[in-house]
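Inspection log for the structure reproduced underneath, given as C-alpha cells.
Derivation of every value follows stated rules applied to the coordinates shown; laboratory data play no part. What you see is a predicted model; the values in this text were computed from it and never measured. A quick note on method: Cβ atoms are made from the backbone with ideal geometry, for glycine too, and the neighbour counts reach across all protein chains shown.
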Amino acid sequence: MTSKLAAAIGACLGASGVILGAFGAHALRSRLEPRDLEAFETAVRYQMYHAFALLATAWLLSRNAPYASLAAWAFTVGVAIFSGSLYLLVVSGQRWLGAVTPLGGLAMIIGWLLLALAAIKQPA
C-alpha cells in the first residue's frame, strides 16, 4: 500500500466514523436495544482509532519503513471485518456475525505489531 492510499483510507475512515457516530447517536439511539447501541458505538470507536493508526502508518510509508504496508493492510482489513461485522449485526439482527468480529480484532492487533516493527526498522 502506498502512503497516499493509506492516508486516503485513514481520512475516509475518519469521516465515515464521524458520520456513523452521529447517525448512531441521533437516528439509532431510540430504536436500538442498549446492547446493540453499545456494539454500534464500539464499532465506531475502533474505526476511529484505526483511522488515526492508518494516518501514522502513511507517515511511516512515506519514509519507506519496512512492514508499514502490511500494517496498513492489516488495519484496513481489521476495520472492515471488526467494525463492518458489528454494523451489520446491529442493522440486520444476524447474531452469527458476532463470531466473525474477533477475526477483525486479530487483524487490528497484527497491524499494531507490524506498525511497531515498521517504526523500529525505518531507515534513519
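Among the candidates Pro66, Pro34, which residue alone is out of contact with any His (no Cβ under 7 Å at 6 or more places or on another chain) and more than 24 Å from Ser3 (Cα to Cα)?
Values: Pro66 fails: more than 24 Å from Ser3 (Cα to Cα).
After applying the criteria, what remains is Pro34.
I need the full set of residues from region 77-88 which are surrounded by 21 or more Cβ atoms within 10 Å (Cβ to Cβ) and more than 27 Å from Lys121 (Cα to Cα), in order please. If the condition is that a residue be surrounded by 21 or more Cβ atoms within 10 Å (Cβ to Cβ) and more than 27 Å from Lys121 (Cα to Cα), then Phe82, Ser83, Ser85, Leu86 are the ones that fit. Does Leu97 count as crowded, with 16+ Cβ neighbours inside 10 Å and touching a residue at least 60 places away in the same chain (Cβ under 8 Å)? No. Evaluated against (1) crowded, with 20+ Cβ neighbours inside 10 Å; (2) at positive phi, Asn64 falls short on exactly one condition, (1).
The residue of region 114-124 that is farthest from Arg35 (Cα to Cα), among those that are in contact (Cβ under 8 Å) with a residue 12 or more places away in the chain and loosely packed, with under 14 Cβ neighbours inside 10 Å, is Pro123. Among the conditions (1) buried (at least 17 other Cβ atoms within 10 Å of the Cβ); (2) closer than 19 Å to Leu28 by Cα; (3) not acidic (Asp, Glu), Ala74 misses just one, which is (2). Just one of (1) surrounded by fewer than 22 Cβ atoms within 10 Å (Cβ to Cβ); (2) under 18 Å from Gly14 (Cα atoms); (3) within 15 Å of the chain's Cα centre (by Cα) fails for Ala107. It is (2). The residue pairs whose first member lies in region 1-20 and is touching a residue at least 40 places away in the same chain (Cβ under 8 Å) and assigned to a helix (DSSP H, G or I), whose second member is surrounded by fewer than 17 Cβ atoms within 10 Å (Cβ to Cβ) and not hydrophobic (A, V, I, L, M, F, W, C), and whose beta carbons are closer than 7 Å, counting only pairs six or more residues apart or on different chains, are Ser3/Ser62.
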